[in-house]
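Below is one structure, written out as structure tokens, with a few remarks after it.
The values are calculated or read from the model by the stated rules, or taken from the named source; none is laboratory data. As the structure is a computational prediction, the values presented were derived from the model and not from experiment. FYI the Cβ positions are ideal-geometry reconstructions off the backbone, even for glycines, and counts take in every protein chain you see.
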Amino acid sequence: MAKTVQDILKLVKENGIKMVDFKMVDINGQFRHVTIPAQNFSEDTMKSGIGFDASNYGYAVVEKSDMVFIPDPDTAVIDPFCEIPTLSMTGNAMIIDSPENRPLAQYPRNIVQAAEKYMKDTGIADTMLILPEFEFYLFDQVGWEVSGKSIGVTLDAKQSYWNSATEGKGVVVPKQKNYHIAKPFDISYECRSEMCMHMSNMGIEINYHHPEVAASGQFEIEPQLGKMSEMADNTMMIKYIIHNTALKYGKTATFMPKPIYGEAGSGMHVHMLLLKDGEPVFSKDGEYANLSKTAHYFMGGLLKHIASLCAITNPSTNSFKRLVPGFEAPVTVGYATSNRSAVIRIPAYAKAPNKRRFELRNPDATCNPYFCYAAILMAGLDGVKNKIDPHANGWGPYDFNLYHLSDEEKSKLKHLPTSLDEALNALESDHDYLTAGGVFPEELIKGFVKTKRAECAELAKIPTPAEFEKYYNL
């Protein structure tokens, strides 16, 4: 049931709330926040909002008017990481240019809502359910330096194989052998359980958590399927909880796709399905994997636009250090059942008609989740509208291990971009599916590309220790 202002005021009073915190999202998908004393919070706060400068958040704002942040009462939760009792809310950014205001089109939360409205307007579906899998590392120590005299990173995870001679308790994990490993080797179990308890207290229901493949502290938490716009909010909060709980336990969490050379990378596989009037749109007995034509066309749209999607779903240079063969990372443009080497995987265990779905395996959690989920939806809808058949386009089904093909056979396949620059090139030339219905503003795409190009150019200038190893003595 939707919360009212009176519900929030009651929550403040009953829980002794001293501060009300408003969490906003920048172009990179990071929280920023403004806090007011609880006694200053009123009905007018919810109506008039909090003023802020959107240009400082990375948006290419062309309007001259001031911006305000309007809190969404449905997102109100008590922040467990504040010693002073604090109520937290997220919401939408608005432009003050009329008595009613209007949404700032570039603001991430507004884009997700615009994408959902566009979906309903097409008549294809009225609800998109998604389930992102959160893979991350927990380290006991990390430090880095980028300066004239020193370029390097040091990190450590107690249970890692590299501590076998010094750890002292014999609970180190062999390289790449961490998957589902139990206590006493799973030394961060309590930390992750507390993460999940915080999530549940905030209304984010969890399927499970477990150790992932990499021995140096890699783990996964999987929530339950949820409505796309709500899951975008939940993604922000899940990352917030993971980071803050890790610090409480003396650890540090990272969602970097490839923080350790030679270990498995961390992705954010996104499962998805559509509903219309409560009925599954993707289910059809007798078709391949019991998925409907609409589901296949949706996959076709994702595969057609996958190169440009990568700029949004994998928007860091580090992302493409994960997307390489040999670590269960998807590098081939195609679909298949129970095959982790294809970009789209259809889980064979999802047998019930209302659970039949597929997952897009290339995204990672360096993305802005609002942009990521909205872009995935827009690409899929474009596939349905234009009846893009993935089989007719030669994208599968690939029901065999693509890593085991010969070099000649692999050369016939289409692959993901190998760098962020390449993905940005694709986004510049292929983004009409994003701007359809005015969902993604052209100014946002141009500003996003400009920002990411600058990142690529900056990082390309910095020598790495590996380059010293390769070239110092030539």
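For the reader, a short list of remarks on this structure follows.
- Selection status of Gly380, in a helix (DSSP H, G or I) and under 26 Å from Thr127 (Cα atoms): yes
- Members of the range 230-270 that are assigned to a helix (DSSP H, G or I), among the polar types (S, T, N, Q) and surrounded by fewer than 19 Cβ atoms within 10 Å (Cβ to Cβ): Asn244
Yes/no per residue for (1) within 14 Å of Thr435 (Cα to Cα); (2) crowded, with 18+ Cβ neighbours inside 10 Å; (3) not assigned by TED's automatic domain parsing to the domain that holds Met231:
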position	(1), (2), (3)
Glu100	no, no, yes
Ile124	no, yes, yes
Leu138	no, yes, no
Gln141	no, no, no
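Per-residue answers, yes or no, for (1) hydroxyl-bearing (Ser, Thr, Tyr); (2) without any contact (Cβ under 8 Å) to a residue 60 or more places away in the chain:
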{"position": "Tyr349", "(1), (2)": "yes, yes"}
{"position": "Arg356", "(1), (2)": "no, no"}
{"position": "Ile376", "(1), (2)": "no, no"}
{"position": "Leu381", "(1), (2)": "no, no"}
{"position": "Asn386", "(1), (2)": "no, no"}
{"position": "Lys412", "(1), (2)": "no, yes"}
{"position": "Leu420", "(1), (2)": "no, no"}
{"position": "Ala436", "(1), (2)": "no, no"}
{"position": "Ile445", "(1), (2)": "no, yes"}
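- Residue match in the range 340-348 (condition: in a loop (DSSP other than H, G, I, E, B) and at pLDDT below 85): yes
- Identity of the residue in the range 435-462, assigned to a loop (DSSP other than H, G, I, E, B) and touching a helix residue (DSSP H, G or I) at 6+ places or on another chain (Cβ under 9 Å), that ends up nearest to Asn318 (Cα to Cα): Phe440
- Sole residue being of a type in the set (Ser, Thr, Tyr), under 23 Å from Ile221 (Cβ atoms) and either outside any strand (DSSP E or B) or in contact (Cβ under 8 Å) with a residue 24 or more places away in the chain (or both), chosen from Tyr370, Tyr335: Tyr370
- Members of the range 89-117 that are outside any strand (DSSP E or B) and in contact with a Leu (Cβ under 7 Å, 6 or more places away or on another chain): Gln106, Asn110, Ala115
- Filter result (under 30 Å from the mean Cα position of the chain (by Cα) and among the polar types (S, T, N, Q)) within the range 132-168: Gln141, Thr154, Gln159, Ser160
- Residue in the range 72-80 that is free of Cβ contacts under 8 Å to residues at least 40 places away in the same chain, in a loop (DSSP other than H, G, I, E, B) and either surrounded by fewer than 18 Cβ atoms within 10 Å (Cβ to Cβ) or touching a helix residue (DSSP H, G or I) at 6+ places or on another chain (Cβ under 9 Å) (or both) present: yes
- Residue match in the range 395-405 (condition: free of Cβ contacts under 8 Å to residues at least 60 places away in the same chain, surrounded by fewer than 15 Cβ atoms within 10 Å (Cβ to Cβ) and more than 22 Å from Gly58 (Cβ to Cβ)): yes
- Residue selected from the range 21-39 under the condition in contact (Cβ under 8 Å) with a residue 12 or more places away in the chain and out of contact with any Ser or Thr (no Cβ under 9 Å at 6 or more places or on another chain), by the criterion surrounded by the most Cβ atoms within 10 Å (Cβ to Cβ): Asp26
- The set of residues in the range 131-170 being in a loop (DSSP other than H, G, I, E, B) and either under 26 Å from Met199 (Cβ atoms) or in contact (Cβ under 8 Å) with a residue 60 or more places away in the chain (or both) consists of Glu133, Asp140, Ala157, Lys158, Gln159.
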